[in-house]
1. Can you tell which of V83, A22, W101 lies farthest toward the positive end of the dipole of the chain, using +1 and -1 charges on the Cβ of basic and acidic side chains (Lys, Arg; Asp, Glu)?
2. What nm distance separates the two modelled labels at R93 and C78, each placed 7 Å from Cα along Cα→Cβ?
3. Of the chain, which part is the longest with no trypsin sites (Lys or Arg not before Pro) in a loop (DSSP not H, G, I, E, B) and with at most 12 other C-beta atoms within 10 angstrom?
4. For segment 45-135, which chymotrypsin sites (Phe, Trp or Tyr not before Pro) are in a loop by DSSP, counting at most 13 other Cβ atoms within 10 Å?
5. Take S85, S137 and order them by how many other Cβ atoms sit within 10 Å, fewest up front.
6. Counting Lys and Arg as +1 and Asp and Glu as -1, each charge on the Cβ, what is the dipole of the chain about the Cα centre in debye, to the nearest 20?
7. Just how large is the dipole of segment 70-168 about the Cα centre, in debye to the nearest 20, putting +1 at every Lys and Arg Cβ and -1 at every Asp and Glu Cβ?
8. Note the count of lysine pairs whose C-alpha atoms are less than 28 angstrom apart in the chain, limited to pairs 8 or more residues apart or on different chains.
Amino acid sequence: MTTTEQSISSKPAQQKWLWLAAALILLDQVIKHWAVSAFDLYERLSILPVFDLTLAYNTGAAFSFLSDAGGWQRWFFCGIAAVVSVVLVIWIRRLKEGETWLAIALTFVLGGALGNLYDRAVLGHVVDFILLHYKGSYFPAFNIADIAINIGAFMLIVDTFRHRKQAS
C-alpha cells in the first residue's frame with residue numbers, strides 16, 4: 001500500500017457528513033436574519049391555523065429555562081454548547097464506515113448546537129421564529145437549529161433501538 005493509499009484509508013470515514021452541519025448552520029442563520037429584519041419583536045404572521053411566524057428572543061435554554069437568571073446563563077450555555085460540539089466532532093471523526101445513520105444524527109445535533117451557540121455568543125440570545133399553537137395553547141417559539149437538534153435526537157433514539165434489536 002502506498003503512502004497516499006494509507007492516508008486515504010486512514011481518513012475518518014464519517015467526517016464527510018460535517019458539510020451537513022455547516023449547511024444547517026447556514027440555513028438557520030439565514031432564516032433567523034430574515035426573521036429579525038422582517039418582524040418586530042413578538043409580531044406574528046399567521047400561516048396556518050396552528051402555525052405562525054414571529055420574532056422572539058430566548059436568553060435561556062429550551063423552553064426559556066433560566067431566561068431570567070440575570071445574564072450568567074449566556075456564557076454557561078455557550079460553554080456547554082462548545083464542549084458538546086467538540087465532543088460531537090470527535091465522536092463523528094471516530095465513527096466507522098458503516099455508522100452513517102449515527103454520523104448523520106450526530107451531525108444534526110452538532111449543526112443545531114452551533115447555530116444556537118452563534119446566536120447566544122454574538123447576540124446574547126437565541127432568535128426564535130416558529131410558533132405552533134392550538135386552541136389557545138402555545139408551544140414555545142423555536143427555530144431551525146432546534147428542529148435539527150430534535151431530528152438528531154430522534155435519530156439517536158432510533159439508532160439505539162436498532163442496535164438493541166440487532167443484539168438480541
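1. Final value for the positive-end residue is W101.
2. Taking the two extended label points, one gets 2.4 nm.
3. Working: sites that count: K96, K135.
With trypsin sites (Lys or Arg not before Pro) excluded where exposed in loops, the chain gives 1-95 as its longest stretch.
4. Details: sites: F51, Y57, F63, F65, W72, W75, F76, F77, W91, W101, F108, Y118, F129, Y134; in loops: F65.
Within segment 45-135, the qualifying chymotrypsin sites (Phe, Trp or Tyr not before Pro) (loop, at most 13 other Cβ atoms within 10 Å) are F65.
5. Details: S85 17, S137 7.
With the sparsest Cβ surroundings first, the list reads S137, S85.
6. Values: 13 positive and 12 negative charges, 116 e Å.
It works out to roughly 560 debye.
7. On the way: 9 positive and 6 negative charges, 56 e Å.
It works out to roughly 260 debye.
8. Working: K11/K96; K16/K32; K16/K96; K16/K165; K32/K135; K96/K165.
Value for the chain: 6.
Read the figures in this text as sums done on the coordinates, not as results from a lab. Keep in mind the model is a prediction, meaning the values are calculated, not measured. Counting neighbours? That spans all protein chains shown, and the Cβs are built from the backbone with ideal geometry, glycine included.
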